[in-house]
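Below: the structure, in structure tokens.
The values are calculated or read from the model by the stated rules, or taken from the named source; none is laboratory data. A quick note: this is a predicted structure, and the numbers were derived from the prediction, not measured. Positions of Cβ are generated from backbone atoms using ideal geometry, with glycine treated the same way; all protein chains shown enter the neighbour counts.
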Amino acid sequence: MSGAEQGDAFDAITVYNFCEKISEQTIHFHVMKMNGGFFLWVGASPTLSNLAVSMISKFDSVPLSMLLMGDKSETAPNALAQRLAKKTNKQVFVSYNLPMVNTNLALQVEDRIKKEMGNHPEHF
């Protein structure tokens, strides 16, 4: 007997996309909301070069995080996942596929994500 047959709550995965022109390039955002968390993909072209996960812990005020895939020297996916997990109190998966040559771009991207979270919290 499956969970749905037993009457357990079952939430479907929902998908939400938005984009923004930031620093002369179009940045795409893809959100997959799941029960208890979400996956966020950020990039300018269709690649999945890294994947980080973060979640809050009752043992530490800083969310736990781990890079599951990608270059371990790139800290952007972990850092963004941690900040979003802390903000939402959810498990967060992040794939950040933008070059880290411009820290201003990273700040603008994060601001855009937070703006979207404020305007459309139901998608996160």
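Would you check which residues across segment 7-63 are of a type in the set (D, E, K, R), surrounded by 14 or more Cβ atoms within 10 Å (Cβ to Cβ) and more than 12 Å from Phe93 (Cβ to Cβ) and list them?
So in segment 7-63, the residues of a type in the set (D, E, K, R) come out as 8, 11, 20-21, 24, 33, 58, 60.
Now narrow it down to the ones that are surrounded by 14 or more Cβ atoms within 10 Å (Cβ to Cβ): 20, 33.
Scanning segment 7-63 gives a single hit, Glu20.
In segment 86-118, what residues are closer than 24 Å to Ser73 by Cβ and among the β-branched types (Val, Ile, Thr)?
Val92, Val94, Val101, Thr103, Val109, Ile113
Going through segment 30-43 one residue at a time, which ones are assigned to a strand (DSSP E or B) and either within 18 Å of Ser54 (Cα to Cα) or modelled with pLDDT under 95 (or both)?
The first filter runs over segment 30-43 and keeps only residues assigned to a strand (DSSP E or B), leaving 30-34, 37-43.
Passing the criteria: His30, Val31, Met32, Lys33, Met34, Gly37, Phe38, Phe39, Leu40, Trp41, Val42.
Against the condition in contact with a Leu (Cβ under 7 Å, 6 or more places away or on another chain) and farther than 27 Å from Asp11 by Cβ, how does Ala44 come out, does it pass?
yes
Which condition from (1) surrounded by 12 or more Cβ atoms within 10 Å (Cβ to Cβ); (2) modelled with pLDDT of 95 or more; (3) not basic (Lys, Arg); (4) not in a helix (DSSP H, G or I) is the one that Met100 breaks?
(2)
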